[in-house]
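The values are calculated or read from the model by the stated rules, or taken from the named source; none is laboratory data. Keep in mind the model is a prediction, meaning the values are calculated, not measured. Virtual Cβ from ideal backbone geometry, glycine too; neighbours counted across all protein chains shown. Ligands, DNA and RNA are excluded from the accessible area calculation, which covers all protein heavy atoms including side chains. Shrake-Rupley method; radii C 1.70, N 1.55, O 1.52, S 1.80 Å.
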Amino acid sequence: MKMCGIAGYTGKRKAGELLLKSIRNLEYRGYDSVGMCTLSGQGIEVRKGKGKVSEAAPELEFSSLPGTTGIAHTRWGTHGVPSEKNAHPHLSPSGKIAIAHNGIIENYLQLKEELRGADFRSDTDSEVIAHLLEKNYSGSLRDAMLKTMKMLNGTYAVCAICADSGKIVVARNGSPLAIGLGVGENFIGSDVSAFVEHTKKVVYLEDFEIAVLGEDSVEVFDREGRQVSPEVKKIDWSVECAQKQGYKHFMLKEIHEQPRVVRESVSAPFDFEMETRPERIFVVACGTAAYAGLTGKYILEKQAGIPVEVAPASEFRYSNPVIGEKDLFVAISQSGETADTLAALRLAKQKGAKTLGIINVRESTIAREVDSVVYTAAGPEIGVASTKAFLSQLVALYRLSSKLSGKELPLSSLPGKIEQVLLRSKSIRETAKKYFRVYNFLYMGRNFNFPVAMEGALKLKEISYIHAEGYASGEMKHGPLALVCDEVPTVAISPRDSVYPKMVSNIQEILARNGKVLAVATEGDREISGQATDVFEVPETEEELYPFLTVVPLQLFAYHVADLRDCDVDKPRNLAKSVTVE
Ligand code: M6R
């Protein structure tokens, strides 16, 4: 069971060098082990090992692999510990076929049983694909793949090469796979960042399609082996978007991109119409996207007066939700691949709800399956911690609210204000220096800033490994207040809005118990700055718009704390960017 990055190349250049770059770009998808194989006169040579690309590559010397055709993989596994034997590519028993796989083969144990006597060298579900391809092979890797696909249950993007031919064969069902079309060369990637520096022309495979790539040809077939004409699309972002551009980490760069992202999201196309007003709206997502959804509930209920239910996708799918034809189901996902969100969407569709996706990655599975899609204008988000995607999701939800209510808010005033918050990054780092050795944090907020408290805590815990919990401020007295002491600081999101007096009381309660308070406050608020231990100021704005501003110092604070603790900010332990398994 994996979420991984797959890359492939066939052409005239050295595959090892090209593929090394590709898997560096895809590493955000998973990074517990890495591997590559290429094809040359000597057959298939595989090199693989444990760890991140930067850890494994020097010893494995991928660039020196011979040949101009190859496949590569960066893994985040759950079947089998990170190790050389479990890293991809996996070889067939004779060594003449190699595969890299992303997804989960649900019936792998049964298939292994059927292959009784076969010598499996890894603990993965994926290795069974290499065995089946060899068993089904009688001169054509394409035909072997068609047969094998019919035997697999589960999700997969598979990339295979065979020592008998210089071609790459790929298959897809439920896991992303993109083909980059070059001149005299062709590419494979789990997403286009694997090859965007070489070509802007891309074909996205549909489920149950396979493709055969030679250096001068790409042929696509349906599950019965009939050739189909794929639509060639143009990648609308440049290679620079997926580079750090002088920032120490992608996360920092992505935080600083937010003024542009909000500006573009405000004016991006918003193609969503509903003939009748929905009776209820269900917003379903995971992690940061779910906190964006929760903020959306506040604005949609306030402006449009439509009841909104927000559920983590992992709960929605098992909760027997009462949803039907008169309801609107909104799935929010940066990657468009999150397994729980996808399953929730499918359930909502089964029950007849109209579905809308707020999605960042074009042509992703969720984007393809919803009735309508609004693409967020965040551009590629590489850091595992979601930042700019959150703000772009907020814009989409606020625009949805305007559409349903006819009421407008001055969203275009936000980019300039976010820029002002970003100018304070240095002073936020100074504050981070005071706190980066703390073990526990509380975050609290009310109304529009309650989801921001949850999001601020999530940011801190996921990248700095400091325990942090977000609460609705009114809940503090019902339990969490017991944790407050001089060693457990509280971040209080307390801009000048309608619940401000209540936040001031909550801050008093913390201070009275020897707790330190880091307040996010409106610029020039003397009352708060006179009381709080530390203050992160944000410009004044409309009550409903504060989340766009108050979340930014919390992103920066989490970033600087994690960096001061020497954490791998962009690739936090145990996490991966795209959670394509349950
Ligand atoms: O790709 P998605 O937006 O569906 O991902 C949802 C969550 O996995 C994601 O937001 C996660 O919580 C982030 N790492 C948080 O920073």
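Overview of results
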| read-out | value |
| --- | --- |
| Farthest toward positive dipole pole in the stretch 412-582 [+1 Lys/Arg, -1 Asp/Glu at C-beta], among Leu414, Tyr500, Tyr559 | Tyr559 |
| For the chain, calculated [θ]222 nm from helices alone, where every DSSP H run of n ≥ 4 adds -39500 (n - 2.57) | -9500 deg cm²/dmol |
| Unit charges at the beta carbon, dipole of the chain: most positive-side option, Thr148, Pro278, His79 | His79 |
| Cα gyration tensor of the chain - equivalent ellipsoid semi-axes, whole Å, descending | 44, 26, 21 |
| Percent accessible area from carbon and sulfur atoms, the stretch 1-71, protein chains only, probe 1.4 Å | 48 |
| DSSP bridge orientation in the stretch 459-543 - percent antiparallel, rounded to nearest 5 | 10 |
| Farthest positive-ward along the chain dipole, Cα basis, beta-carbon charges - from Leu177, Ala100, Val212 | Ala100 |
| Kirkwood Rh, Cα atoms: Rg over Rh of the stretch 189-250 | 1.10 |
| For the stretch 198-205, Karplus couplings with θ = phi - 60° (6.51, -1.76, 1.60), whole Hz, Gly/Pro x | 9, 7, 10, 9, 9, 10, 9, 5 |
| Exposure rank, largest accessible area first [Lys351, Lys96; 1.4 Å] | Lys351, Lys96 |
| The chain - charge dipole about Cα centre, Lys and Arg +1 at Cβ, Asp and Glu -1, debye rounded to 20 | 480 |
| For q = 0.14, 0.18, 0.23 Å⁻¹, Debye-computed log10 I/I(0) when each Cα of the stretch 71-160 counts as one equal scatterer | -0.42, -0.72, -1.25 |
| Accessible carbon and sulfur surface of the stretch 412-582 relative to its total accessible area, %, 1.4 Å | 47 |
| Among beta bridges that DSSP assigns inside the chain, antiparallel share in %, nearest 5 | 60 |
| Dipole in debye (nearest 20) - the stretch 310-451, about Cα centre, beta carbon charges: Lys, Arg +1; Asp, Glu -1 | 540 |
| Pairs from Lys388/Lys461; Lys150/Lys571; Lys96/Lys167 whose Cα-Cα separation, in the structure shown, is over 24 Å | Lys150/Lys571 |
| Order by protection proxy (mean Cβ within 10 Å, highest first), peptides 387-393, 371-377 | 387-393, 371-377 |
| Chymotrypsin sites (Phe, Trp or Tyr not before Pro) within the stretch 392-439, DSSP loop, no more than 13 other Cβ atoms inside 10 Å | Tyr439 |
| Reach of Lys233 by Cα under 22 Å, taken over lysines that are not fewer than 8 positions away in the same chain | Lys200, Lys201 |
| Largest-first principal axis extents, alpha carbons of the stretch 390-474, Å | 48, 30, 22 |
| For the stretch 93-223, Kirkwood radius (reciprocal of mean inverse C-alpha pair distance, Å) | 15.0 |
| DSSP-loop trypsin sites (Lys or Arg not before Pro) across the stretch 107-153, with at most 14 other Cβ within 10 angstrom | Arg116, Arg121 |
| Spin-label pair Ser267/Ala512, simplified geometry with 7 Å Cα→Cβ offset, distance in nm | 5.1 |
| Space enclosed by the convex hull of the alpha-carbon atoms of the stretch 412-582, per residue, Å³ | 126 |
| Per residue solvent-accessible surface (Å²) - the chain, probe of 1.4 Å | 38 |
| Accessible carbon and sulfur surface of the stretch 246-409 relative to its total accessible area, %, 1.4 Å | 49 |
| Value of Rg/Rh across the stretch 5-241 [Cα atoms, Kirkwood radius] | 0.93 |
| Rg followed by Dmax, in Å, when the stretch 71-117 is reduced to its Cα trace | 11.6, 29 |
| Sparsely packed trypsin sites (Lys or Arg not before Pro) within the stretch 1-34, loop by DSSP, other Cβ within 10 Å at most 16 | Lys12, Arg13 |
